[in-house]
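Readers should treat all values here as calculations from the given coordinates under stated rules, not as data from a laboratory. Keep in mind it's a predicted model, so treat the numbers as computed, not measured. Cβ sites come from the backbone with ideal geometry, for glycine too, and all protein chains shown count toward neighbours.
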Amino acid sequence: MSTEIWLDTDPGFDDWMAWALLQAEPGLKLVGVSVVAGNAPLRQTLANALRIRALHGWTVPVHAGCERPLVQAPVTAQDVLGETAMATAGRALPLTRAQPVAAHGVQALIDAARARPGRLTLLALGPLTNLATAFDAAPDLPALLKAVVLMGGSTDRGNTTAVAEFNIHADPEAAARVFGAGVPVVMFGLNVCRQVLVGDEHVRAVRALGTERALLFADHLDAYVGIARRRGGTHMAVYDPTPVAWLSRPELFALEPAHVDVELEGRLTRGMTVCEFRVPARARPNTRVATQADGPEVMAWSLRGLARVLS
Ligand code: RIB
Ligand code: CA
């Protein structure tokens, strides 16, 4: 029986890599995609999602979701990822005339959960605005979901502020709502994603596949590794594909129970995921937090999946 997945995403190159690895996995069944503002404004993340789907010839329905956070003003990652959030060392994603499905992404994910009670896993790879809005619109939703698996937060350093990771930083109120919704959460934060590293050797391996799609993907992967090069490094952490690797190969990870909440008030700490691991003594566990990854094996798994989906 395959795991049924709803993908909530803000493409972004690493979202594309995660989506491609989802599609490459026979044991994972993608039932729908909702797009959220995050790496770039919604009009750009939606355009990126539609171009990705058209490039691969996928048929999964893509829905536009929320275009602004619950409370704060929108922020993006365009300063790091470029105007389109799809920086490339050469080839650009081909344009498409495809349009999103008419239903709003929030209603679509609610309907998908109601159609498969207890069987749907929400995989959230961007700010949690769509999920929080869905929980507010449908009080029955938490009990209907198998889990929320998310890339976000950190048990230690941040990447957008000293302590906040981008997806949480971009909509802290939404993140607090999701962690407090009573649905089982599995969190892949920066702490574990930084154990999964991609570099030039992986760019070369993808380029060696030789197809036009592989060369296009390799140009984007090259630009993604370029983020690390600009900082004097050689390898970049792999963010969004990491929870997908866990869905397929859980034995490559170690998870620990914790109570996770999101700081909303701190002048310096707003958007921080505060992870209390002394559970149940000090708090009720609401999350399984990924703490360890076999980074090299996750990347080997990723290359095998990319070879299937890019050939
Ligand atoms: O902090 C990393 C996260 O922010 C990833 O999901 C990336 O795509 C961006 O959304
Ligand atoms: Ca993302």
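Work out, step by step, the length gained on full extension between ARG114 and THR234: first 0.36 nm times the residue separation, then minus their alpha carbon distance; give nm to one decimal. Numbers along the way, then the final one.
Numbers: separation 120, 0.36 × 120 = 43.20 nm, distance 4.52 nm.
Stretched fully, the ARG114-THR234 segment lengthens by 38.7 nm.
How large is the Kirkwood hydrodynamic radius of the chain, counting all unique pairs of alpha carbons, in Å? It would help to have the intermediate numbers written out before the result.
On the way: mean 1/r = 0.0523 Å⁻¹.
19.1 Å is the Kirkwood radius here.
Where does each of THR88, THR59, THR287 land when they are ranked from fewest to most other beta-carbon atoms within 10 angstrom? Present the calculation step by step, with values, prior to reporting the outcome.
Working: THR88 20, THR59 7, THR287 25.
Ordered by Cβ neighbours within 10 Å, fewest first: THR59, THR88, THR287.
Sticking with the crude label model, points 7 Å out along Cα→Cβ, report the distance from ALA143 to GLU297 in nm, one decimal please.
3.9 nm
Using modelled amide H (1.01 Å from N, peptide plane; none on Pro or chain starts), what sits under 5 Å from the amide H of VAL196, excluding residues fewer than 5 places away?
For VAL196, the qualifying residues are VAL238.
Show that you can apply the helix-only estimate: for the chain, add -39,500 (n - 2.57) for every DSSP H stretch of four or more residues, divide by all residues, and state [θ] at 222 nm to the nearest 500. Can you show the working numbers first?
Values: 13 runs with 122 residues, N = 311.
After summing the helix terms and dividing by residue count, I get -11500 deg cm²/dmol.
Could you rank the peptides 215-223, 12-20 by their average count of other C-beta atoms within 10 Å per residue, with the highest value first?
On the way: 215-223: 21.6, 12-20: 26.3.
So the order, starting with the most tightly packed, is 12-20, 215-223.
Tell me, THR96, THR9, THR84 in order of fewest to most beta-carbon neighbours within 10 Å? Please list the in-between numbers first.
Values: THR96 13, THR9 31, THR84 20.
The most exposed by this proxy come first: THR96, THR84, THR9.
Each label point is 7 Å from the Cα along the Cα-to-Cβ direction; what then is the distance between the points at GLU201 and ALA54, in nm?
In this crude spin-label approximation the distance works out to 3.7 nm.
Choose one answer from PRO142, PRO127, PRO241: the residue with the largest mean-square fluctuation in a GNM of the chain with alpha-carbon springs under 10 Å.
PRO142
Please rank PHE135, PHE277, fewest neighbouring Cβ atoms within 10 Å first, as an exposure proxy.
Details: PHE135 24, PHE277 15.
Starting with the residue having the fewest Cβ neighbours, the order is PHE277, PHE135.
Magnitude of the Cβ-charge dipole of the chain, K/R +1 and D/E -1, about the Cα centre, nearest 20 debye? Display every interim value, and only then the final one.
Working: 29 positive and 30 negative charges, 81 e Å.
For this selection, approximately 400 debye.
Please report Rg (one decimal) and Dmax (integer) in Å for the Cα set of the stretch 76-207.
Gyration radius and largest Cα-Cα distance of the stretch 76-207: 17.2, 48 Å.
Quickly work out the ARG43-to-VAL279 label distance, labels modelled 7 Å from Cα along the C-beta direction, and quote it in nm with one decimal.
4.1 nm
LEU120's amide H: which non-local residues (gap 5+, or another chain) put their own amide H closer than 5 Å, with H modeled 1.01 Å from N in plane and none for Pro or chain starts?
LYS146
In the stretch 228-295, what GluC sites (Glu not before Pro) fall in a loop by DSSP, with at most 12 other Cβ atoms inside 10 Å? The partial results should precede the final answer.
Working: sites: GLU251, GLU263, GLU265, GLU276; in loops: GLU263, GLU265.
Passing both the DSSP loop test and the Cβ count: GLU265.
For the stretch 1-141, what number results from the quotient of the Cα radius of gyration and 2.2 N^0.38 Å? Could you put the intermediate results ahead of the total?
On the way: Rg = 14.6 Å, N = 141, 2.2 N^0.38 = 14.4 Å.
In units of the globular-protein estimate, the stretch 1-141 measures up at 1.01.
Out of residues 5 or more away from LYS29 or on other chains, whose amide H comes under 5 Å of its own, with H placed 1.01 Å from N in the peptide plane?
Placed amide hydrogens put THR3, GLU4, ILE5 under 5 Å from LYS29.
Express in whole angstrom the spacing between the alpha-carbon centres of the stretch 42-79 and the stretch 261-311.
Each part's Cα centre sits 22 Å from the other's.
So if each residue of separation counts as 0.36 nm, and I subtract the Cα-Cα distance between ALA208 and ALA98, what length gain in nm does that give? Walk me through the numbers on the way to the answer.
Values: separation 110, 0.36 × 110 = 39.60 nm, distance 3.00 nm.
Gain on extension, ALA208 to ALA98, equals 36.6 nm.
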